[in-house]
Amino acid sequence: MSLSRDDVQKVSLLARLRLSDEELDSLTSQMGRVLNYIEQLSELDTDGVEPMAHAVDVSNVFRDDAVRPSHDRSEILANCPRHDEEFYLVPPVLGD
Amino acid sequence: MSLTDRSATELTSLLASGELSSVELTRAYLDRIAAHDEAVKAFVHVDAEGALARAKEIDARRARGETIGRLGGLPVAVKDLLCTRGELTTCASRMLARFKPPYDATVVARLKAADAVIVGKTNMDEFAMGSSSENSAVQQTCNPWDLSRVPGGSSGGSAACVSADLAPLALGSDTGGSVRQPAGLCGVVGLKPTYGRVSRYGLIAFASSLDQIGPLARTAEDAALMMEVIAGRDPHDATSVDLPVPAYTESISRPLEGLRLGLAREHFGEGLDAEVETAVREAIKVYESLGAKVSEVSLPHAKYAVATYYIIAPSEASSNLARYDGVHYGHRADEKATAVELAAERKALEAAGDEQGLKQLDAPIVRMYRQSRAEGFGPEVKRRIMLGTYALSAGYYDAYYLKALKVRRLIRQDYDAAFEQVDLIAGPVTPTTAIRIGEKADDPLAMYLDDIYTVSANLAGVGGISVPCGFSQSGMPIGLQLQAPPFEEDRLLRAAHMYQQETDWHRRRPTL
């Protein structure tokens, strides 16, 4: 599987990253080299191997559905780049 | 012997007996930081005033005869990805340059409850992605043994500050070797606990199925002390395991009888520097002289560990770092400038009648996300987000991510089989000693390959420790790595302590 500059461009949208032309060029070659290295996994036969997503097998951890105090809104909004004391403010989502 | 030469264990007993005040000790470390950190650059923030106020308060409580916590006024340093309530926690990233968490990480809360004095936050590779601390957006931490060399990473600041005696104990985090590798390169002890042993609550996530917090210290005994404070079940982290925490500091002086040490033949192959190999083999002889039985074991999938890791870790990272959208917290691009630029692009496309281009043009909020992330993240973080997004994207998921999860299982099975024959696996931490700053900066893959001996423990979820075991001709520290079955930190610490009783590598100090 070879990686094209166009592929990298598409991934940058999925990743919500804006990349410069230079970044697109260097990432195309760097990611290509890493993926090429990773290719070696294909020589392993993994049929029937159970995927391992986690090191410790923990199933659902339950807790009581009890109301507990959470953080104060103003404390949380203090780290927000733009807000009106109540809501997060963002550029227009719909329309222009 | 000056105060800052002493071990954390000695210092806590001096504090407990009242021979030493926390203010006196904290001042001694702050003085040392003031004198040397300009050269080492281990800290991204030092809170001298806060630390002294805290020390004073602990001294006052002690004077009143109140019960004092385990660390009793001992200064400690904390990697800057562990949340400290109301204090900057930046992950050495522009993205979080002004982030002040509204809560303490569980390990930080436990340090505070044990009456530690947090003197500052340490430098790291941005979002813990890197092995040299070169990916910090703040500064380059230098190796105290040779300032032209890297301290390793990503917990480079924590390793350098312990090595340079700027703090007796520090916390780091290890996702693919980020505690053990800098510890090895700076000549200190670094423990990566078993996944689930220490709560990750308030650790800014990189790869959640691999991340684990661990101590950096001069001695195994000091690491044991830190582990007793931080380990154990935490309701805030559902992956923290509900097992009793052994009294590590009590058992540590009991040598391991009939220890069976395994050498994985895959750890002594091509790429291992001769000086590193010699030092590690000498260390194993020390164990033999103490009665350990040494045998060869095999971890047949070890050679696939780096490839597996560089799918799983970036995949998890791309998902975890999606939260940095410029909306809730973290960096947001200048909205006016972004809007003006977008409008100009639209106008140009309209003028050119480029229908396709117009269709592909970002919506205003998407442009804000993309621009904020472009400005907030450094090159390595972008690289890993891109790799992970690619590996998880439609059409590639099975070939990359799912494949990697299966190989991860095989790597774990290798460990399970090896630990049926031996109690610990011993080998090198890194293929070479610390590289020069900039030496591999343009070659990400070469840098990734240096993680060869450390990433497997994270993938398998087992514990590992790095212990100083010698120096190269050029005077750079070399580390011995020991790995143990899950939840056998006690065994790792006791084995490391046995070795440190016989050797004095950990007593050597860099000249600053």
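The values are calculated or read from the model by the stated rules, or taken from the named source; none is laboratory data. Only a predicted model underlies this, so the values are computations on that prediction, with no experimental measurement involved. Because the Cβ atoms are built from the backbone with ideal geometry, glycine has one as well, and the counts that use them run over all protein chains shown.
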message: Out of everything in the range A:48-96 that is over 30 Å from B:Ala313 (Cα atoms) and of a type in the set (Lys, Arg), what residue ends up being surrounded by the most Cβ atoms within 10 Å (Cβ to Cβ)?
response: A:Arg82
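Within the range A:49-77, restricting attention to residues that are among the aliphatic types (A, V, I, L, M) and facing chain B (nearest Cβ under 7 Å), which residue is farthest from the chain's Cα centre (by Cα)?
A:Val49
Looking at the range B:365-377, which of its residues are surrounded by 20 or more Cβ atoms within 10 Å (Cβ to Cβ) and either over 27 Å from B:Leu342 (Cβ atoms) or not aliphatic (A, V, I, L, M) (or both)?
We begin by selecting, within the range B:365-377, every residue surrounded by 20 or more Cβ atoms within 10 Å (Cβ to Cβ); these are B:367-373, B:376-377.
Across the range B:365-377, the qualifying residues are B:Arg367, B:Tyr369, B:Arg370, B:Gln371, B:Ser372, B:Arg373, B:Gly376, B:Phe377.
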query: within 28 Å of B:Ser199 (Cα to Cα), more than 14 Å from every other protein chain (Cβ to nearest Cβ) and either crowded, with 20+ Cβ neighbours inside 10 Å or without any contact (Cβ under 8 Å) to a residue 40 or more places away in the chain (or both): does that describe B:Gly479?
result: yes
message: Here are the criteria: (1) facing another protein chain (nearest Cβ under 8 Å); (2) surrounded by fewer than 16 Cβ atoms within 10 Å (Cβ to Cβ); (3) in contact with a helix residue (DSSP H, G or I) (Cβ under 9 Å, 6 or more places away or on another chain). Tell me which single one A:Val8 does not satisfy.
response: (2)
task: Give the residues of the range A:10-31 that are more than 20 Å from B:Asp398 (Cβ to Cβ), over 16 Å from the mean Cα position of the chain (by Cα) and in a helix (DSSP H, G or I), sorted by residue number.
output: A:Asp21, A:Glu22, A:Glu23, A:Leu24, A:Asp25, A:Ser26, A:Leu27, A:Thr28, A:Ser29, A:Gln30
field: Residues located in the range A:78-96, provided they are touching a Cys at 6+ places or on another chain (Cβ under 9 Å) and at the interface with chain B (Cβ under 7 Å from one of its Cβ atoms)
entry: A:Tyr88
- request: Output the helices (runs of 4 or more DSSP H) that fall wholly within the range B:171-270 and possess 3 or more residues being among the basic types (Lys, Arg), or say none.
  value: none
message: Checking B:Leu512 against (1) outside any helix (DSSP H, G or I); (2) touching a Leu at 6+ places or on another chain (Cβ under 9 Å); (3) surrounded by fewer than 20 Cβ atoms within 10 Å (Cβ to Cβ); (4) at pLDDT 95 or above, only one condition comes out false. Which one?
response: (4)
- request: Answer yes if at least one residue in the range B:266-285 is more than 30 Å from B:Asp362 (Cβ to Cβ), touching a helix residue (DSSP H, G or I) at 6+ places or on another chain (Cβ under 7 Å), at pLDDT below 95 and surrounded by fewer than 18 Cβ atoms within 10 Å (Cβ to Cβ), and no otherwise.
  value: no
statement: A:Thr28 passes all but one of the listed conditions (1) β-branched (Val, Ile, Thr); (2) over 30 Å from B:Arg197 (Cβ atoms); (3) within 7 Å of chain B (Cβ to nearest Cβ); the exception is number (3)
- request: Considering each of B:Arg70, B:Arg64 in turn, give the residue that is of a type in the set (D, E, K, R), more than 14 Å from chain A (Cβ to nearest Cβ) and free of Cβ contacts under 8 Å to residues at least 40 places away in the same chain.
  value: B:Arg64
- prompt: Mind checking whether some residue in the range B:339-355 is crowded, with 17+ Cβ neighbours inside 10 Å, on the phi < 0 side of the Ramachandran plot and more than 11 Å from chain A (Cβ to nearest Cβ)?
  reply: yes
task: Mind listing whichever residues of the range B:369-419 are hydrophobic (A, V, I, L, M, F, W, C) and within 8 Å of another protein chain (Cβ to nearest Cβ)?
output: B:Ala374, B:Phe377, B:Ile385, B:Met386, B:Leu387, B:Ala399, B:Leu402, B:Ala404, B:Leu405, B:Val407, B:Leu410
query: Here are B:Ser22, B:Ser17, B:Ser93: which of them is surrounded by fewer than 17 Cβ atoms within 10 Å (Cβ to Cβ) and either on the phi < 0 side of the Ramachandran plot or not β-branched (Val, Ile, Thr) (or both)?
result: B:Ser17
